[in-house]
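Novice: Just passing along the structure, written as structure tokens.
The values are calculated or read from the model by the stated rules, or taken from the named source; none is laboratory data. What you see is a predicted model, and the numbers here were worked out from it, not measured in a lab. Cβ sites come from the backbone with ideal geometry, for glycine too, and all protein chains shown count toward neighbours.
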Amino acid sequence: MIEYLYDAIRATAGENIIIAAKITDENGENITSNCHVTLYDDLMLLATIDGVFDGEEWEFTIPADVTSGRAGRYWYCIYASNTSLSFKQPIYLIWGDDMGIELVKKQGHINLTAPKAILVDLSNYYTKTETDGKIQEAVNAIPEVDLSNYATVDYVDNAVNNIEIPDVSNFITTNDLENYTTKDYVSNALTPYAKTSEIPDTSNFITEIPAEYVTESELDAKGYLTQHQSLDGYATKVELNEAIAGISQEEHNFIINIVKESNKYTCDKTFAEIQTAFESGKILFVDFMAFGMGIHYMYLYSTNYTTIVGKKRFIFFNADRKTSGISIIEIFEDGSIEESINAFAKAEDIPDVSAFQTEAQVQTIVNNAIANITDGEAVSY
């Protein structure tokens, strides 16, 4: 309920409070927009409520929850476009529903009018008496519970008191098991170990290292390779054979070409070249062509170059003893060339030397004789 007093309002707390007002401007024209009412206690703003204009007047509904539990004097003020139309006016909140409605006189540009009655259709709601009756009907409809199989409190207490507690003086306690382990603990602890059935038969194993075996330290002292070594820079068998096959014969042999025409000899090498090749270790060959008739003589490695009658020479022997004709070729330091068989003696010209001693045999006889000499002994040779 709400009651308008002179410049004040009295209303019931905890209910929707509807304030109706006719708001005009200075010309007496209705203000139709942007109006609201504020509610205060002595210290602070409690609520701001926008109004609703119905074409004739404004209604401001203060919700019930704003005033619920409150009582005493509070303050309200009406605004138009955020401009206060009056000072704060008192509104008294009371508890109860025995209130009348009274209009207040005009003041300023605000006329407070009687609130419109709000009719609520309660035909679909139960009264308190009807509600109590429904509750009782529901309670009466609850079936009776059969508790014959349930024990009473007294029965349970007596049963507990009559329990015979056995003598456990000989039982072990948890404290008695402090130094014992569980099966799971033992099983986990033995996981790294082998069972007796899993241990192999070692009866045939050696118990000491035989003398013919070497220790690891002794083996290391031998200096044998223990890992792969790089063979960069070494040739394989295949590479070596290929290299040997690629070596030119000219690197080891020295070929001398001699042509004889009209008793004149032509040689393609000088004596100095032949001497250099010989001293470098090359094998000397002579390829001899005589008379331009395709008769070809091949002469092989000779003796060392020799000096005869003050002249150095190389002597080449015929390689094919079956070939008749020239037996040797001589190349002299002055470039002259001779061919003959003079270097060989006939069998009948060779003296009998069976009674002669070689130089080595003579030296042996002398050494033996010297070894047998004693001090002061006269000797003769």
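Novice: Would you be able to say whether some residue in the stretch 283-290 is in the same structural domain as S336 (by TED's automatic domain parsing), surrounded by 13 or more Cβ atoms within 10 Å (Cβ to Cβ), modelled with pLDDT under 80 and of a type in the set (G, A, S)?
Specialist: So far as the stretch 283-290 goes, yes, one or more of its residues are in the same structural domain as S336 (by TED's automatic domain parsing), surrounded by 13 or more Cβ atoms within 10 Å (Cβ to Cβ), modelled with pLDDT under 80 and of a type in the set (G, A, S).
Novice: Residues in the stretch 208-220 that are part of a helix (DSSP H, G or I), exposed (fewer than 10 other Cβ atoms within 10 Å of the Cβ) and not polar (S, T, N, Q): how many?
Specialist: Qualifying residue count for the region: 2.
Novice: Hey, does the stretch 101-108 have a residue that's at pLDDT below 90 and either exposed (fewer than 10 other Cβ atoms within 10 Å of the Cβ) or among the acidic types (D, E) (or both)?
Specialist: yes
Novice: Among what's in the stretch 30-69 and is out of contact with any His (no Cβ under 9 Å at 6 or more places or on another chain) and charged (D, E, K, R), pick the residue that is nearest to I19 (Cα to Cα).
Specialist: Only one residue fits best here, namely E59.
Novice: Hey, another quick one. Within the stretch 257-275, does at least one residue satisfy the condition of being at pLDDT 75 or above and outside the structural domain of F314 (by TED's automatic domain parsing)?
Specialist: Scanning the stretch 257-275 turns up no residue that is at pLDDT 75 or above and outside the structural domain of F314 (by TED's automatic domain parsing).
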